[in-house]
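A.B. asks: Attaching a single structure in structure tokens format; questions to follow.
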Amino acid sequence: MGDPDKKWDFYLRTLSSSARDSNLAGDPASEALLNAVRKLCQLCKEENSEDLVARVYPHFNKLFQRSVASLPQSRSSYGLLLLDIIQFFLDFGEIVLHDADPSLRSFFRSCLSREFADLTVAEATLNFLNVNKRKLLASYPALLPQFFPLLLKLIAWNGEKLLLSFLKVFPELISPASFLPLFPSLVDLPMLVVAMERVERSSGSLIGSSIASIQNSTAPEMLLALMDEAYTGSTIGDGGADSESEDTNAIDAADPLFLELLKDENDGLAERHRTSPSMAAALQAAVNAPQSDRLKQSLKIAPGLLDVYCAIAIRDVNDSLICSLIPLLMARNDVLFPDKNYSYQVRKRLLEFMLTSFQRSPNFIALLKKPIMDRLGQAYDSSAKTELALQLCWAIGEHGGGGTSHRDAARELFENLELLLYENLSSSRLGLRESALGSDSENFRKSSQSRLLCFVITAIAKLATHHHELLPRARVSLGKVARSRISDVRVWRRARDYLGLIDDPAISLSVLGPSQGRVQKPGTVNWSDGGTKMIAHIPFYLLGEQEGSPFHDFSFSDIFPRT
């Protein structure tokens, strides 16, 4: 091995000459300079000398500042060089009294925003974040949640090649400040890909140019448009008579949704613009044209990221944030990227998360009664909204409208269920008619309405079981259905069966009562013990402790609806 002092001097001279040499000055990220920085970092760790660290620090600090300042005027890649210097700041910051937070933020804003599309830089960034995960969480916990939109660009653009590394970093993007804004960004990951591909086709390679500069350059125009909207009522993006002649496939740089998708930092807003003419045209073009490999990968990646997001939410996030998320979830249930399989996968996860949240905190149903009632009123609008209404009906009934302590909320929800029931009985909005024959779409509408009615009837019966003051109204509602001439026999038969069931409180509580958290009362059946204990055909209290053969001549098969 050579003399360590000579090695130090050689690499330090390389750093010093970079400021004077025209070639090195023009390309601070040259191979020679990058090698010198890495060797010096390695020697600092091996020698464990504070004096040597103090000698290196001024050179590194100057090089970092000069590189950041050169970024806007250069097409060279600075990512690897800056990451190595920041690693030095993190390793020896306490010795030289250097706070790495400004350097990290400069890297994200000035460098990574321009080089996220460079696979080498993106991979090195994720490796850097994984290596320093604990240190960043301890010293700079707000850093990654603030820049989660920029980090999502890494995985959106580079796809499955970085998925494993990104999944290790992803949980650290979730914090109280980013939890709500992160949700729509995950759902819109394919839309982000579409937007970035449009920018690439219109402006060239994304490497070396900051997409966020679009947002800065259009800020005055956006401000004028907002002022015009406030005073005249015209909306952003309204076009004149000549607007039809514009290229409908191009995304307007001032489009609010476009800017929202391409932002680099978390602005704290969970939901802003969800529709825009230019983005709608871009999405339609993406659906009609063959999907790029990048888009196909994002359609696979996003549901998996949602799985991780939901698991962390259920495990770590407080009730107030989850309660705030559920209305956003309901709003986005039918506003998804127009790919059939993707919509199904995401919608399934959203509904499962909503039901899990209600099961963990049933009082959410009472707290969110207004958005829930709004979604019940939209059950006719689309198949996605119908499915959401079905799941909400189930949750209302299963959890008693929020529990026994929320009687007022339960009553309001019961009234909305009544209204939905009577609308379906008296109206043919979904095409439920007496005729048994019809088109496939007609039959599908009939089946959808029958399914909805069954859920509503069950929810009404369950609510009345939880809140006995609602029993008289439940009997009236179920009686009207039982006496109706609905073509689907399953509907009026279920209403008839529930009418008979709620007349016996013990049986009703066993069958329609809450599945969790209830106190076992005399005469009720604990169905969860059915796998290990004998379950009688009828509650034991009916036997009256009489010996001999049972005096009854009926069983539950006479009470339960047959499937």
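A.B. asks: Residue under question is residue 177, and the condition is that it be part of a helix (DSSP H, G or I), among the small types (Gly, Ala, Ser), under 30 Å from residue 197 (Cα atoms) and touching a residue at least 24 places away in the same chain (Cβ under 8 Å); does it hold?
C.D. replies: no
A.B. asks: Output the residues belonging to the stretch 286-298 that are crowded, with 20+ Cβ neighbours inside 10 Å and touching an Asp or Glu at 6+ places or on another chain (Cβ under 7 Å). Before you say what the answer is, go through the steps one by one.
C.D. replies: Here is the first cut: in the stretch 286-298, the residues crowded, with 20+ Cβ neighbours inside 10 Å are 286, 295, 297-298.
Selection gives 297 alone.
One line per residue, one yes/no per condition, for (1) in contact with a helix residue (DSSP H, G or I) (Cβ under 8 Å, 6 or more places away or on another chain); (2) modelled with pLDDT under 85:
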{"residue": "1", "(1), (2)": "no, yes"}
{"residue": "13", "(1), (2)": "no, yes"}
{"residue": "38", "(1), (2)": "yes, no"}
{"residue": "42", "(1), (2)": "no, no"}
{"residue": "78", "(1), (2)": "yes, no"}
{"residue": "88", "(1), (2)": "yes, no"}
{"residue": "94", "(1), (2)": "no, no"}
{"residue": "103", "(1), (2)": "yes, no"}
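A.B. asks: Looking at (1) at pLDDT 80 or above; (2) more than 22 Å from residue 464 (Cα to Cα); (3) polar (S, T, N, Q), which is the one condition that is false for residue 450?
C.D. replies: (2)
A.B. asks: Got a number for residues in the stretch 339-365 being open to solvent by 40 Å² or more (accessible area, probe 1.4 Å) and among the polar types (S, T, N, Q)?
C.D. replies: Number of matching residues: 5.
A.B. asks: Moving to a separate point now. Please find, among 376, 336, the residue that is more than 24 Å from residue 283 (Cα to Cα) and either crowded, with 18+ Cβ neighbours inside 10 Å or not aliphatic (A, V, I, L, M) (or both).
C.D. replies: Details: 336 fails: more than 24 Å from residue 283 (Cα to Cα).
When all the criteria are applied, what remains is 376.
A.B. asks: Please go through the stretch 330-385 and give me each residue that is among the polar types (S, T, N, Q) and either part of a helix (DSSP H, G or I) or touching a residue at least 24 places away in the same chain (Cβ under 8 Å) (or both), ordered by number.
C.D. replies: Scanning the stretch 330-385 gives 333, 341, 343, 345, 356, 357, 359, 361, 363, 382, 383.
A.B. asks: Would it be correct to say that residue 96 is aliphatic (A, V, I, L, M) and either surrounded by 17 or more Cβ atoms within 10 Å (Cβ to Cβ) or under 27 Å from residue 200 (Cα atoms) (or both)?
C.D. replies: Details: aliphatic (A, V, I, L, M): yes; either surrounded by 17 or more Cβ atoms within 10 Å (Cβ to Cβ) or under 27 Å from residue 200 (Cα atoms) (or both): no.
Judged against the criteria, residue 96 is not a match.
A.B. asks: Where the second residue is open to solvent by 60 Å² or more (accessible area, probe 1.4 Å) and the first is closer than 12 Å to residue 88 by Cα and lies in the stretch 57-68, which pairs have Cβ atoms under 7 Å and are six or more apart or on separate chains?
C.D. replies: Sorted first by the residue in the stretch 57-68, then by its partner, the list stays empty.
A.B. asks: In this structure, does residue 488 turn out to be open to solvent by 60 Å² or more (accessible area, probe 1.4 Å), acidic (Asp, Glu) and modelled with pLDDT under 90? Write out each step before concluding.
C.D. replies: On the way: open to solvent by 60 Å² or more (accessible area, probe 1.4 Å): no; acidic (Asp, Glu): yes; modelled with pLDDT under 90: yes.
For residue 488, the condition - open to solvent by 60 Å² or more (accessible area, probe 1.4 Å), acidic (Asp, Glu) and modelled with pLDDT under 90 - is not met.
A.B. asks: Report whether or not residue 326 is in contact with a Ser or Thr (Cβ under 7 Å, 6 or more places away or on another chain) and either surrounded by fewer than 21 Cβ atoms within 10 Å (Cβ to Cβ) or not small (Gly, Ala, Ser) (or both). If you could, list the steps in order and put the result at the bottom.
C.D. replies: Details: in contact with a Ser or Thr (Cβ under 7 Å, 6 or more places away or on another chain): yes; either surrounded by fewer than 21 Cβ atoms within 10 Å (Cβ to Cβ) or not small (Gly, Ala, Ser) (or both): yes.
For residue 326, the condition - in contact with a Ser or Thr (Cβ under 7 Å, 6 or more places away or on another chain) and either surrounded by fewer than 21 Cβ atoms within 10 Å (Cβ to Cβ) or not small (Gly, Ala, Ser) (or both) - is met.
A.B. asks: Got a sec? Which of 365, 460 is β-branched (Val, Ile, Thr) and either more than 29 Å from residue 316 (Cα to Cα) or at pLDDT below 90 (or both)? Walk me through how you get there before you give the answer.
C.D. replies: On the way: 365 fails: either more than 29 Å from residue 316 (Cα to Cα) or at pLDDT below 90 (or both).
From the options 365, 460, the qualifying one is 460.
A.B. asks: Given the condition loosely packed, with under 15 Cβ neighbours inside 10 Å, at pLDDT 90 or above and under 21 Å from residue 106 (Cα atoms), answer yes or no: does some residue in the stretch 45-54 qualify?
C.D. replies: No - not one qualifying residue is present in the stretch 45-54.
A.B. asks: Let me ask something else about it. Considering each of 283, 299, 305 in turn, give the residue that is closer than 18 Å to residue 196 by Cβ and over 15 Å from the mean Cα position of the chain (by Cα). Walk me through it before giving the result.
C.D. replies: Numbers: 299 fails: over 15 Å from the mean Cα position of the chain (by Cα); 305 fails: over 15 Å from the mean Cα position of the chain (by Cα).
Answer to the check: 283.
The values are calculated or read from the model by the stated rules, or taken from the named source; none is laboratory data. On a predicted model such as this, the values are computed, not experimentally measured, just so you know. Here Cβ is always computed from backbone atoms with ideal geometry, including for glycine, and neighbour counts include all displayed protein chains. These accessible areas exclude ligands, DNA and RNA; they are computed on the full protein's heavy atoms, side chains included. Shrake-Rupley method; radii C 1.70, N 1.55, O 1.52, S 1.80 Å.
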